[in-house]
Amino acid sequence: MGLATTTYQYLSLKPKSLYRQLFVKDRWIAARTLYGMSLGEDAMTPEEIAADYNLPLEAVLEAIAYCQSNPQEITEDYAAEEAVMQASGMNNPDYKYHAQPRVLSPEEMSRFNRL
């Protein structure tokens, strides 16, 4: 599991989190959340994101650069989330009409979350 070896000023692992990706320290906003806001049709500038979240611009730029480096831990976290959604039935097309996910056992959850 290759956590980034770069030293970050504003990003770190979130304490007690199952996620391996980095978050903005003390605010615990996922770097990928900020990065996602900078993409697509309704993309915001880094300055707008920083103002929206009351963060230093440098923190937003660091989060974007981290995500652009395509860190393995984000891919692994996403795969674990998808596995839980699939196993619990949340990926079923009818889920939005009948939202009753299957409750996963602690053993299943630990397998999906790589504990």
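Rolled with a 1.4 Å probe across the full set of protein chains, the surface gives S38 an accessible area near 30 Å².
If amide hydrogens are placed 1.01 Å from N in the peptide plane, which non-local residues have theirs closer than 5 Å to the one on L11? So L11 has HN proximity to K25. Calculation over all alpha carbon pairs of segment 1-92 in 5 angstrom steps from 0 returns a P(r) of 2, 14, 23, 22, 17, 13, 6, 2, 0 percent.
Taking 0.36 nm per intervening residue step and subtracting the Cα-Cα distance, what contour gain separates N92 from A79 on full extension?
Extending this stretch completely gives an extra 3.0 nm.
The values are calculated or read from the model by the stated rules, or taken from the named source; none is laboratory data. Small disclaimer: the values here were computed from a predicted structure and weren't measured. For accessibility, only protein heavy atoms count, side chains too; no ligands or nucleic acids. Shrake-Rupley method; radii C 1.70, N 1.55, O 1.52, S 1.80 Å.
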